[in-house]
1. Which label marks the calculated value of Cα extents along the principal axes in Å, given the options [x] 70, 45, 40; [y] 69, 50, 38; [z] 91, 57, 33?
2. Take each of the peptides 109-118, 63-72, average the number of other beta-carbon atoms within 10 Å over its residues, and list them starting from the highest.
3. Determine which residues of the range 165-196 fall in the zone a paramagnetic label at residue 136 would reach in this model, i.e. backbone nitrogen under 14 Å from the point 7 Å along Cα→Cβ.
4. With springs only between Cα atoms under 10 Å, which of 121, 266, 216 fluctuates most in a Gaussian network model of the chain?
5. Roughly how many Å is it from the Cα centre of the range 169-238 to that of the range 8-63, as a whole number?
6. Taking the highest mean first, how do the peptides 176-183, 326-333, 191-198, 280-287 order by number of other beta carbon atoms within 10 angstrom per residue?
7. Please determine, in degrees from 0 to 90 and to the nearest 10, the orientation of helix 345-365 with respect to the longest principal axis defined by the Cα atoms of the chain, where the helix direction is its Cα long axis.
8. With the Cα gyration tensor of the range 15-164 giving a ≥ b ≥ c as the square roots of its eigenvalues, does the rule (a/c under 1.5 for rounded; else a/b larger than b/c for prolate; else oblate) give rounded, prolate or oblate?
């Protein structure tokens, strides 16, 4: 039997699938946001004195991140429950008796699961901004707090390397002491080095003002460095030294508060300042792996849902929840392994997708089409 694409059967399957998908992708995050608001409302209004409008607006900004997290689970729930319902009502038997293969039956579901991949990625990017706004509105980030760092170096993309004895940051203002700087070697084999007692961040000029120091012009043409020129200064600016205090301090950020581009830049800054990315190194490839999971779990859930075609709704729920928990738990474990550099961040991020794809292929080959 040959079916016309988006015929009666396809429309029926899509209707059932979309109803479950939107219930899970929109309804569950809505409930989660409301519960979060009820738990934190007293703390926000009484303790932090957050205006009522900012409280509700902050919760609205929280919604995209909740949806982005649950879209792969919503795809799985929609696929499993659609096939489970058709099996309980003997519709699967009727469809296969009419000559429609299992692969043709699930084709529209897989198409929607594929479309969910870019949608989920886009929501993740929106969530990177909205989560940060949520934290600002609810005062989860105390911008008045003073950040402090001792004994660190920063390799600037401009070729300069800077070392600080200590640095403090407060409300965008930065102050450092015991500064040493070394520029990149020129084609003539010479480079500038700078030693300064202190430095102050000039937010308007977007540069650091070095105070009370000495600058040296050094030649590396011979085995031992030779000082060609020396001069002292009361105040000096190095045009290439334009990293903000926040970039130098590499303040702690969460992956969900950043877009993919921001996370990539943050990891580069962390590496340049000598920091350890840990689990954040896995978060970057996860920005791509999690949306792809929409298609992976659909491929896995479809054959699993018809293992016992006449099973009740409880079995379908158990399959969907069990798969979701396995994926999330496995992802967290692999993130920890990748953060400790036992595996590469890329392999750690994609490992659960690979695991489920392998099992999906095995299950699909065993389906009686």
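Rule-based calculations on the coordinates, nothing more; no lab input. Just so it is clear, the model here is predicted, and its values are computed rather than measured. Cβ: placed from backbone, ideal geometry, glycine included. Neighbour counts: every protein chain shown.
1. Derived directly from the coordinates: [z].
2. Details: 109-118: 18.3, 63-72: 22.1.
Going by the mean number of other Cβ atoms within 10 Å, highest first, we get 63-72, 109-118.
3. 172
4. So, out of 121, 266, 216, the one fluctuating most is 216.
5. Spelled out, the Cα-based centre of one part sits 52 Å from the other.
6. Ranked by mean Cβ neighbours within 10 Å, highest first: 280-287, 176-183, 191-198, 326-333.
7. 10 degrees
8. In terms of gyration-tensor shape, oblate.
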